[in-house]
Amino acid sequence: MTLRKPILASLIVCGASLFFSVSTYAAEEGSAPGAAATEIFKWINFAIVAAVLLWVLAKKLPPVFRGNALKIGSAITSATAAKAEADRQLTEAEQRLAGLQDEVRALREEAGRDGVAEAERIHAMAKSDAEKIDVAAKAEIAAAERAARMELKALAAKLAVDGAESLLAKQLTPQTQESLIAGFVKSLQGSPN
């Protein structure tokens with residue numbers, strides 16, 4: 001609406017100045033008055049066609065230009081947002097990359113501490129197992145010693161009995177047997193039972 005009034009005013013001014021310039025030109029040339037009128041009508045016809053063409057362009061082009069301007073503006077806005085996001089990601093990646101050496105060093109230190117702790121745990125477990133084995137071995141040795149002593153006592157008792165039996169068999173003759181039995185019987189007779 002605001003664009004139509006200046007265009008219309010400029011068309012009127014152009015048409016009037018064109019009309020006066022053609023009239024002046026025709027008067028100077030001295031041509032026939034009909035030829036000048038024909039020339040004026042050609043220019044008026046041109047002015048009408050130009051005015052209609054300008055009016056159509058003034059009516060149709062601004063929305064097209066506005067639409068293009070909006071598309072371009074939104075593309076610029078989205079490109080700016082994409083660039084900002086890319087810059088943010090780049091900064092974040094650079095920060096992570098800068099901290100990567102520290103993180104690797106921290107991981108190595110932690111792995112070293114874990115390795116030392118694991119070695120200490122294994123050493124303590126091995127020491128505990130060795131102590132358990134030592135206690136079990138001592139208990140087994142003591143049990144074997146007791147069993148050997150009992151076996152030795154049994155063997156000594158058997159040998160003593162066998163030795164006493166063989167000694168008794170040698171010393172006990174039939175006459176000594178009779179005198180022992182007789183002494184036993186005599187002791188029985190003298191007892192009150």
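The values are calculated or read from the model by the stated rules, or taken from the named source; none is laboratory data. Since this is a predicted model, take the numbers as computed values, not measurements. Neighbour counts are summed over all protein chains in view; Cβ atoms, including those assigned to glycine, are modelled from backbone coordinates with ideal geometry.
Some values worked out for this structure:
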{"quantity": "Set Ala47, Ala35: member being touching a Gly at 6+ places or on another chain (Cβ under 7 Å), at pLDDT below 90, under 30 Å from Ser17 (Cα atoms) and assigned to a helix (DSSP H, G or I)", "calculated": "Ala47"}
{"quantity": "Candidates Asp102, Asp114, Asp87, filtered to the one that is loosely packed, with under 10 Cβ neighbours inside 10 Å, assigned to a helix (DSSP H, G or I) and not polar (S, T, N, Q)", "calculated": "Asp102"}
{"quantity": "All positions within the stretch 54-101 that are within 30 Å of Val13 (Cβ to Cβ) and not small (Gly, Ala, Ser)", "calculated": "Leu54, Trp55, Val56, Leu57, Lys59, Lys60, Leu61, Pro62, Pro63, Val64, Phe65, Arg66"}
{"quantity": "Output for the stretch 169-181, where each listed residue is surrounded by 10 or more Cβ atoms within 10 Å (Cβ to Cβ) and part of a helix (DSSP H, G or I)", "calculated": "Thr176, Gln177, Glu178, Ser179, Leu180, Ile181"}
{"quantity": "Ala51 over 30 Å from Ile12 (Cα atoms) and either surrounded by 10 or more Cβ atoms within 10 Å (Cβ to Cβ) or free of Cβ contacts under 8 Å to residues at least 40 places away in the same chain (or both)", "calculated": "no"}
